[in-house]
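The values are calculated or read from the model by the stated rules, or taken from the named source; none is laboratory data. None of the values given here were measured: they were computed from a predicted structure. Methodologically, a virtual Cβ is constructed for each residue, glycine included, from the backbone with ideal geometry; neighbour enumeration extends over all protein chains shown. Quick note on the areas: whole protein, heavy atoms, side chains included, nothing else; ligands and nucleic acids left out. Shrake-Rupley method; radii C 1.70, N 1.55, O 1.52, S 1.80 Å.
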Amino acid sequence: MSNLVQGQTGEWEVVIGMEVHAQVTSDSKLFSGSSTAFGAGPNQNVSLVDAAMPGMLPVINGTCVRQAIKTGLGLKADINLTSVFDRKNYFYADLPQGYQISQFKHPIVGEGVLTIELSDGSSHVIGIERLHLEQDAGKSLHDQHPSKSYIDLNRSGVALMEIVSKPDLRSAEQAGAYIKKLRSILRYLGTCDGNMEEGSLRADVNVSVRKPGAPLGTRTETKNLNSVRFIMQSIDAEVERQIEVIEGGGEIFQETRLFDTSTGMTRAMRSKEDAHDYRYFPDPDLLPLTFTQNYVDQIAAELPELPDDLRVRMVNDYGLSSYDAAVLTEERETALFYEKASIGRDRKIVANWMSVELFGALNKAGKTLAESPITPVALGELVDLITDGTISGRIAKDVFADMFETGKAAANIIESKGLKQVSDTGAIEAMIDKVIAENQDKVDEYRNGKDKLFGFFVGQTMKLSGGQANPGMVNQLLKNKLK
Amino acid sequence: MSVDNNTVKKIARLARIHVDEDRREALAGELNAILSWIEQLETVDTDNVEPLASVTGHSLPIRDDMVSDGNRQEQVIANAPETTSGFFVVPKVVE
């Protein structure tokens with residue numbers, strides 16, 4: 001599939017790099033003992049360190065370090081046994097220190113990789129440039145007062161991992177797949193909850209365009225995108241804008257832009273000529289962060305199975321299609337549900353029932369998997385009753401609908417509604433005889449070579465049985481009778 | 001490297017420090033004196049010397065991930081010129 005975009009003057013190649021800010025899952029902040037919990041009252045989760053009172057000193061949270069290493073390992077990245085915290089200096093009302101503690105020259109994690117799968121079945125390896133630890137800033141509320149901004153420092157000092165990709169992405173679709181895959185890995189690892197609505201995962205997207213084979217074009221950076229959809233929309237809008245500007249004889253400026261969700265367009269932020277002069281220097285309050293290879297190896301030994309490995313296992317060992325495996329492994333909860341429902345059973349049938357019937361019903365009801373009225377075990381039992389011939393696949397759909405509605409077990413529903421499949425040869429033969437007797441004209445046509453009518457007889461017999469006849473047996477017995 | 005009056009103006013603005021125009025010349029001189037001292041340090045051969053971050057021999061202290069602070073909103077906002085319902089209130093800063 002070509003990713004080139006058609007313009008007036010020919011085709012353009014899109015080059016995208018992403019900087020993702022992922023909030024580290026931890027109880028307390030990166031350099032202070034105040035809580036990271038979401039939803040506290042204004043300035044309640046703030047210590048005097050976070051408020052940058054004079055004389056306060058930062059002390060690093062060991063769990064945040066561990067989470068960053070773990071994430072680095074999940075991205076198959078180099079872990080740097082020594083890294084350095086720097087001050088990134090700028091002034092803003094929600095940054096009481098006047099600088100953000102970040103890592104500039106010596107990040108904790110170096111180069112890694114992340115593999116994305118696209119809907120056309122292709123997969124692409126995207127380079128990770130680096131991952132570093134840094135502090136989040138506070139939150140400004142601009143809509144509470146006509147001439148004032150309100151500042152809440154609850155987020156101030158919360159640990160973030162900034163994960164920077166190489167400019168390896170070539171389309172909005174790839175960028176969407178990248179953020180989804182990254183989110184999935186973070187959630188499997190338990191290092192970030194991936195909750196984009198609460199701001200736990202935000203992306204800055206760098207976009208440029210060039211003629212295929214030409215050197216890189218000038219890039220723009222669209223900041224603070226907090227949904228997969230907005231990331232993809234902003235890229236499409238920005239690509240379109242850049243091509244129009246260049247083809248109209250204009251020039252792209254390296255600038256920061258904002259995505260306006262109401263218009264679906266990007267617009268330039270008021271340009272601040274000094275905005276990028278951060279005057280980084282090593283934070284004199286913090287010694288270099290060091291740990292041993294042994295510590296890294298211990299964390300590596302405890303890594304959970306990651307979505308890529310799990311997907312490969314589902315394809316190779318369970319015989320699932322690559323697509324089904326991708327759907328079932330995107331969310332860890334889904335994979336766990338599936339493992340529970342399918343263990344000791346026909347893995348493929350369970351996969352089908354989950355990805356078609358269960359997801360369909362959940363979608364329709366607007367429920368998440370966690371809210372599913374059907375438990376993994378209950379779904380597994382339903383599949384058992386299909387595979388052992390108690391009910392047909394057709395009847396199973398009705399039973400499933402009933403289970404979803406009432407939360408009852410499949411066996412109970414089958415029992416109380418008398419839905420058990422008829423597998424008694426005599427009973428089925430009697431039904432077939434009746435169908436043949438009532439449709440003698442069609443029987444003659446069939447015997448004279450109109451093979452297509454076979455389906456009609458199957459249908460009539462199934463109808464007569466109220467859908468409960470064993471379809472395999474109906475087929476077999478009909479063939480014999482119609483000879 | 002040499003600092004001129006314009007550089008003084010720029011770094012003063014970046015640091016949000018007001019410097020009167022007639023002070024720039026003198027400050028440029030002071031900064032240049034510091035820079036020439038650093039240039040002198042740069043003549044020392046450090047090719048085979050590990051960077052030194054501390055002379056105490058300590059490594060970075062690390063704390064456990066425990067909530068041990070917070071819930072001191074009153075103290076946090078005590079010095080603010082203006083507050084409302086627990087927020088700091090500042091002149092509107094918005095893009």
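The table below gives the values:
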{"item": "Of the criteria (1) within 12 Å of chain B (Cβ to nearest Cβ); (2) exposed (fewer than 12 other Cβ atoms within 10 Å of the Cβ), which one A:SER262 fails", "result": "(1)"}
{"item": "Of the criteria (1) open to solvent by 10 Å² or more (accessible area, probe 1.4 Å); (2) part of a loop (DSSP other than H, G, I, E, B); (3) touching a helix residue (DSSP H, G or I) at 6+ places or on another chain (Cβ under 9 Å); (4) not hydroxyl-bearing (Ser, Thr, Tyr), which one A:LYS181 fails", "result": "(2)"}
{"item": "Tally of residues being over 21 Å from A:ARG66 (Cβ atoms) and more than 26 Å from the chain's Cα centre (by Cα) across region A:88-136", "result": "15"}
{"item": "Any chance A:HIS145 is within 13 Å of chain B (Cβ to nearest Cβ), open to solvent by 30 Å² or more (accessible area, probe 1.4 Å), farther than 30 Å from B:GLY86 by Cα and assigned to a loop (DSSP other than H, G, I, E, B)", "result": "no"}
{"item": "Qualifying residue in region B:1-11 (condition: more than 23 Å from the chain's Cα centre (by Cα) and modelled with pLDDT of 90 or more)", "result": "no"}
{"item": "Region A:84-123, subset over 30 Å from A:TYR150 (Cα atoms), within 14 Å of chain B (Cβ to nearest Cβ) and not aliphatic (A, V, I, L, M), residue surrounded by the fewest Cβ atoms within 10 Å (Cβ to Cβ)", "result": "A:LYS105"}
{"item": "Condition check for A:ILE349: outside any helix (DSSP H, G or I), surrounded by 15 or more Cβ atoms within 10 Å (Cβ to Cβ), among the aliphatic types (A, V, I, L, M) and assigned by TED's automatic domain parsing to the domain that holds A:LEU328", "result": "no"}
{"item": "Residues that are modelled with pLDDT of 90 or more and under 20 Å from the mean Cα position of the chain (by Cα), drawn from region B:34-65", "result": "B:ILE34, B:LEU35, B:ILE38"}
{"item": "Exclusive hit being away from chain B (no Cβ under 14 Å) and either in contact with a Lys or Arg (Cβ under 9 Å, 6 or more places away or on another chain) or under 20 Å from A:ILE16 (Cα atoms) (or both), set A:ILE185, A:ILE126, A:ILE151", "result": "A:ILE126"}
{"item": "Pick from region B:62-95, criterion facing chain A (nearest Cβ under 7 Å), charged (D, E, K, R) and farther than 29 Å from A:THR256 by Cβ, ranking: least open to solvent (accessible area, probe 1.4 Å)", "result": "B:ASP65"}
{"item": "Any chance A:VAL327 is aliphatic (A, V, I, L, M), open to solvent by less than 60 Å² (accessible area, probe 1.4 Å) and over 30 Å from A:SER465 (Cβ atoms)", "result": "yes"}
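To keep it simple, each residue is scored yes or no on (1) within 9 Å of chain B (Cβ to nearest Cβ); (2) on the phi > 0 side of the Ramachandran plot; (3) touching a Cys at 6+ places or on another chain (Cβ under 6 Å); (4) open to solvent by less than 40 Å² (accessible area, probe 1.4 Å).
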{"residue": "A:ALA52", "(1), (2), (3), (4)": "no, yes, no, yes"}
{"residue": "A:ASN61", "(1), (2), (3), (4)": "yes, no, no, yes"}
{"residue": "A:CYS64", "(1), (2), (3), (4)": "yes, no, no, yes"}
{"residue": "A:LEU73", "(1), (2), (3), (4)": "no, no, no, yes"}
